[in-house]
1. Nearest 0.05, what FRET efficiency do Ser133 and Thr52 give at R0 = 45 Å with Cβ-Cβ as r?
2. In Å³ and rounded to a whole number, note down the convex hull volume per residue for the Cα atoms of region 77-209.
3. How big is the gap, in Å, between the Cα center of region 203-261 and the Cα center of region 87-136?
4. Counting only complete DSSP H runs, which helices of the chain cover 24 Å or more along their long axis at the Cα atoms and score a mean Kyte-Doolittle of -0.5 or above?
5. Could you work out the local net charge near Tyr16, counting Lys and Arg as +1, Asp and Glu as -1, over the other residues with Cβ closer than 10 Å to its Cβ?
6. Asp232 versus Glu39, label points 7 Å from Cα toward the beta carbon: distance in nm?
7. Evaluate the Debye formula for region 37-122 with equal point scatterers sitting on the alpha carbons, no solvent, and hand back log10 of I(q)/I(0) at q = 0.26 Å⁻¹, in q order, two decimals.
8. With an 8 Å cut-off on Cα pairs and a minimum separation of 6 or more residues, tell me the relative contact order of the chain in percent.
Amino acid sequence: MRKWLVPLSGNSQVLYNFNNCVRSPDFCIFEDSEDHLGEAYFFESIHVNGETDIRKALGRIKGLLELINGAVAIHWGFNTAFAKHKISFTEALFSDLEYPDIDDYSRNSESINLSEVPPLNPFTKQLTTQEVSKIEGINISLRVRMAESRSEVLTLLRQISHGSDWRNLYSIWDSVAHFCGGEKEATKKLALDEQQKRAFTGTANSFGALGPAARHGEKGWEIPSELMTLVDANDFVHGAVESYLKKFHCMRCFARGLLDA
């Protein structure tokens with residue numbers, strides 16, 4: 001069966017935490033370095049192994065890293081996570097040996113522009129209860145696992161992974177509001193501060209306040225009297241996401257359900 005190994009780049013502390021604290025049946029991020037070469041981190045996944053089509057393999061890797069980056073941002077907070085950069089990759093190595101060492105992996109001969117490969121839904125294998133019971137780093141690994149069966153979580157993790165500019169923050173807010181039945185219902189159900197919500201949406205929509213960074217172009221609207229900084233906007237949307245997930249997608253309840261299945 002073809003195996004895939006992905007060299008990773010990203011903040012060394014983030015990768016260190018994955019190597020030491022996170023255990024997932026869906027993926028593995030581990031360190032394998034020679035001292036004189038510095039730290040080297042790699043990614044493997046049961047959902048990619050066995051795939052012989054390089055484009056599908058790359059698409060599944062991109063899809064799974066989207067979910068991982070989204071879960072990291074929720075766990076650490078948008079401002080902290082995005083300041084430390086996302087986990088990323090530029091190539092995937094393969095081997096057809098049953099038990100390959102790192103030196104046994106090869107580069108694909110076909111030149112592929114990674115930006116032209118769309119992310120795919122990465123989940124291809126059914127997991128056993130025993131595999132699920134080994135999950136550690138619950139705030140990251142279990143949220144990734146939850147995305148396999150809950151489309152709302154899948155959507156939010158994918159959106160969050162694309163950063164925290166004003167437009168993407170509003171896109172995330174749109175999803176949270178939709179899942180709650182509208183902005184008014186979201187504000188009520190998630191116990192959000194109405195004034196903060198108005199300041200966020202007003203600022204995000206205002207070309208006069210943000211220029212080209214705004215969600216809308218110039219519409220001749222007056223600049224809102226209540227504005228919000230991007231740092232505060234990140235905190236507001238992150239809080240809304242956390243409240244939504246806690247209320248409607250309880251991780252501990254999900255974990256109990258998996259183990260009791």
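Readers should treat all values here as calculations from the given coordinates under stated rules, not as data from a laboratory. The structure displayed is predicted, hence computed values, not measured ones. FYI the Cβ positions are ideal-geometry reconstructions off the backbone, even for glycines, and counts take in every protein chain you see.
1. Once rounded, the FRET efficiency stands at 0.90.
2. 191 Å³
3. 32 Å
4. Passing helices, by number: 54-76, 230-248.
5. Here the charged neighbours net out to -2.
6. 3.5 nm
7. Rounded to two decimals, the profile gives -1.36.
8. 20 percent
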